[in-house]
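Student: Pasting a structure here, questions to come.
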Amino acid sequence: MCLIAWNWQPDSATPLLLIANRDEFYARPTAALHEWPETGILAGRDLQAGGTWLGVSRSGRLAALTNHRDPNQQRADAPSRGELVSGFLNSDLSAEAYLSALSPRAADYNPFNLLVYDGTHLMGLESRHARVLTLPKGVGAVSNADFQTPWPKLNALTNCLQQHLDVGHPSDAELLALLQNRLIAADDHLPTTGVPLPLERALSAAFVALPDYGTRACSVARLGTHQLTFTEQGFDAHGPTHKKHLTAIYPFVSILVAALLLRPWRLMAGGVRLTPLLAALTLMPWLWAMPSLHKMPLQLQGSGACLLVLMLGWPLAVPVLCVVGVIAALISPMGWDTAVDLTVWLGLVPATLALGMGQAVRHWIGPHMFVYILGRAFIGTALCVFAAGLLGQLAGHTMPGIDDSLSMVAHWLVAWGDAFLTGLFAAILVAFKPEWLATWSDQLYLKPPSRPR
C-alpha cells in the first residue's frame with residue numbers, strides 16, 4: 001500500500017471514509033478482495049506472505065499499511081508487515097492498546113506506517129520513530145513517508161478529496177477516479193528517498209504504471225454507524241482486472257433471520273396470497289429501480305414495503321423484499337451495493353416499523369375498519385416510511401440528487417406519497433378483496449356494534 005487518504009468525522013453517520021492505492025510488483029501473487037473464511041476479515045490477500053495491506057472486519061474495525069520508502073533500511077529476513085493488519089482485525093484490543101503493544105517491537109519489521117480504527121478512535125504508528133499518533137478530525141493522508149508528509153501526490157489527493165466532500169457525498173466511482181490520477185510531479189517537487197530519479201518521477205503519481213510494477217488495487221472503504229462498504233478495483237500490467245464490492249449492513253441479517261424463523265411459507269397455504277406476491281415481484285423492482293433507469297432532476301424513490309406487510313404479513317414480506325432488491329439490481333445499472341442499501345432502507349426497515357405500528361394501533365386504538373385504513377395503512381405508513389428515511393440518513397443512506405438541507409423535506413414528501421397509495425389500495429382491498437390482506441379479518445374489524453341492554 002503506497003497511498004492512503006481519509007475523512008475522519010467521528011460524530012457523523014459515516015465516521016470514516018478511506019481511499020487507498022496498493023502498489024506492488026505485478027508478479028507477486030495476490031487474491032482480490034473477499035471474505036476470509038477462517039476469520040471473516042474483508043480484504044485482499046498477499047498470497048506470498050499471507051497478510052494484507054488493507055482490511056476491515058464485520059465488527060467495524062479497519063487497518064491499513066504503507067511501507068516507508070528507504071532502500072537502505074530493507075532487510076530480506078524481516079517478517080511480513082501484512083500480518084500487522086490482519087493481527088489488528090483479529091484482535092479485540094483498542095487502537096491505542098494494539099499500537100502501544102506493537103511499538104516496542106516495530107523495529108523487527110522493515111519500516112512501515114500502520115493506520116488502525118477500532119470503531120471509536122483513528123490512530124497511526126510510525127515504526128521508524130516508534131511513535132503512536134492520535135489522528136485529528138478531517139481529511140488526512142499517508143504515503144511512503146511519515147503521516148501527513150506533504151509529497152505532491154499526497155497533497156493532490158487530499159485537496160481533491162476535500163473538494164469532493166465540500167460539494168456533497170462523492171460516489172465510489174468518483175473516489176476511484178481520484179486514485180487513478182497518473183499525473184507526474186515536477187522534478188523540483190520530488191522527494192528524495194534514495195531511489196533513482198526516473199523511478200522517483202514514476203512513483204510521484206497517485207496511480208503508478210511501470211512495466212513490472214504499479215498500482216494493483218484502488219480501494220474505497222466506508223465505515224458507518226450501521227453499515228460498512230468496501231470496493232476494490234484491481235489492475236495488472238494490462239489494465240483493470242476485476243471490481244469487487246462487499247457490504248455489511250447490520251440490521252439486514254437480523255431482520256431476515258427473525259422473519260425466516262417464523263416460517264413465512266406457512267402464509268402461502270391455500271394459494272390465496274400468490275397473486276399479491278407475484279404482483280409485488282413484478283411491480284416493486286421497477287419502483288425501486290426507477291431513479292437508476294430514468295435520470296430526473298428530483299430523484300424520489302417509493303417504498304411499497306408497508307403495503308406489502310398489509311398484504312403478505314411481515315414474516316413473508318421480509319424475504320419477498322429481499323427478492324425485490326435482487327430483481328431491481330438485475331434490471332437496472334444500480335449495482336449490488338445500492339440494491340442492498342435499498343433493500344434495507346426502503347424495504348426491511350419500514351416493513352419492520354410497520355409491524356410495530358400495526359400492533360400499537362390495534363392495542364391503543366382498537367380494531368375498527370377506519371382505524372385500519374386511516375390509522376394503520378395511511379398515517380402509519382407515512383410515519384414508518386419517514387422514520388425509516390431518517391434512520392437511513394443517519395446511517396449514511398442518502399437520496400440520489402437531494403441536498404442534505406432538503407433531505408428531511410424530501411423524506412416527508414416521499415412518505416406521504418407512499419401513504420396515499422397504501423391507504424388507497426388498502427381501502428379498495430378491504431372492500432373488494434379482503435382475502436388479499438393477511439393483516440385483515442372481517443371478524444375482528446367488522447364486529448357488529450354492541451346493543452344497549
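A short reminder: the numbers here are calculations on the coordinates, not readings from a lab. Note that the coordinates shown come from a computational prediction; the quantities given were computed from them, not determined experimentally. Every residue, glycine among them, receives a Cβ derived from its backbone with ideal geometry; neighbour counts consider all protein chains shown.
Student: ³J(HN,Hα) across region 4-18 via Karplus (A = 6.51, B = -1.76, C = 1.60, θ = phi - 60°), whole Hz, x for Gly/Pro?
Tutor: Each residue of region 4-18 in turn: 9, 9, 8, 10, 9, 10, x, 9, 9, 5, 10, x, 9, 10, 10 Hz.
Student: Rank by packing, highest mean first: peptides 153-162, 169-178, 185-194, 22-31, with packing defined as the count of other Cβ atoms within 10 Å averaged across residues.
Tutor: Those peptides, ordered most packed to least, come out 153-162, 169-178, 22-31, 185-194.
Student: Right, here's the next one. Among Ile373, Pro434, Ala289, flag the residue with its Cα farthest along the positive direction of the charge dipole of region 262-445, charges on Cβ as +1 for Lys/Arg and -1 for Asp/Glu.
Tutor: Pro434
Student: If you count, for each residue, the other Cβ atoms within 10 Å and average over each peptide, how do 347-354, 11-18, 109-116 line up from highest to lowest?
Tutor: 347-354, 109-116, 11-18
Student: May I pose another question? Dipole size in debye (nearest 20) for the chain around its Cα centre, Lys and Arg Cβ +1, Asp and Glu Cβ -1?
Tutor: 1680
Student: Dipole of region 3-249 (Lys/Arg Cβ +1, Asp/Glu Cβ -1, origin at the Cα centre): which of Pro152, Pro240, Leu17 lies farthest to the positive side?
Tutor: Projecting each Cα onto the dipole axis, the largest value belongs to Pro240.
Student: Between Phe432 and Arg266, what is the FRET efficiency for a Förster distance of 22 Å, r being their Cβ-Cβ separation, to the nearest 0.05?
Tutor: 0.30
Student: Where in the chain are the DSSP H helices whose C-alpha atoms run 20 Å or more along the long axis and whose mean Kyte hydropathy is at least 1.0?
Tutor: Helices passing the filter in the chain: 274-293, 314-331, 380-394, 407-432.
Student: For the chain, what does -39500 (n - 2.57) per DSSP helix run (n ≥ 4), summed and divided by total residues, give at 222 nm, in deg cm²/dmol to the nearest 500?
Tutor: After summing the helix terms and dividing by residue count, I get -12000 deg cm²/dmol.
Student: Fewest first, what order do Cys306, Cys322, Cys218, Cys384 take by the number of other Cβ atoms within 10 Å?
Tutor: Cys322, Cys218, Cys384, Cys306
Student: Take the alpha carbon gyration tensor of region 54-162, find the square roots of its eigenvalues, order them as a ≥ b ≥ c, and report rounded if a/c is under 1.5; if not, report prolate when a/b exceeds b/c, else oblate.
Tutor: Oblate.
Student: Place the peptides 431-438, 386-393, 268-275 in order of packing, highest mean first, counting for every residue the other Cβ atoms within 10 Å and averaging per peptide.
Tutor: Result, highest mean Cβ count within 10 Å first: 386-393, 431-438, 268-275.
Student: Just how far, in whole angstrom, is region 338-374 from region 214-273 if you go by their alpha carbon centroids?
Tutor: Rounded to whole Å, the Cα centres lie 25 Å apart.
Student: What size of dipole, in debye to the nearest 20, comes out for region 3-249 about its Cα centre when the only charges are +1 on Lys and Arg C-beta atoms and -1 on Asp and Glu C-beta atoms?
Tutor: 120
Student: Could I ask something else about it? Can you give me the distance in nm between label points at Leu256 and Lys244, each placed 7 Å from the Cα along the Cα-to-Cβ direction?
Tutor: 1.9
Student: Which one, Ser80, Ser91, His121, projects farthest toward the positive side of the charge dipole computed for region 80-217 from Cβ point charges (K/R +1, D/E -1)?
Tutor: Toward the positive end, the furthest listed residue is Ser80.
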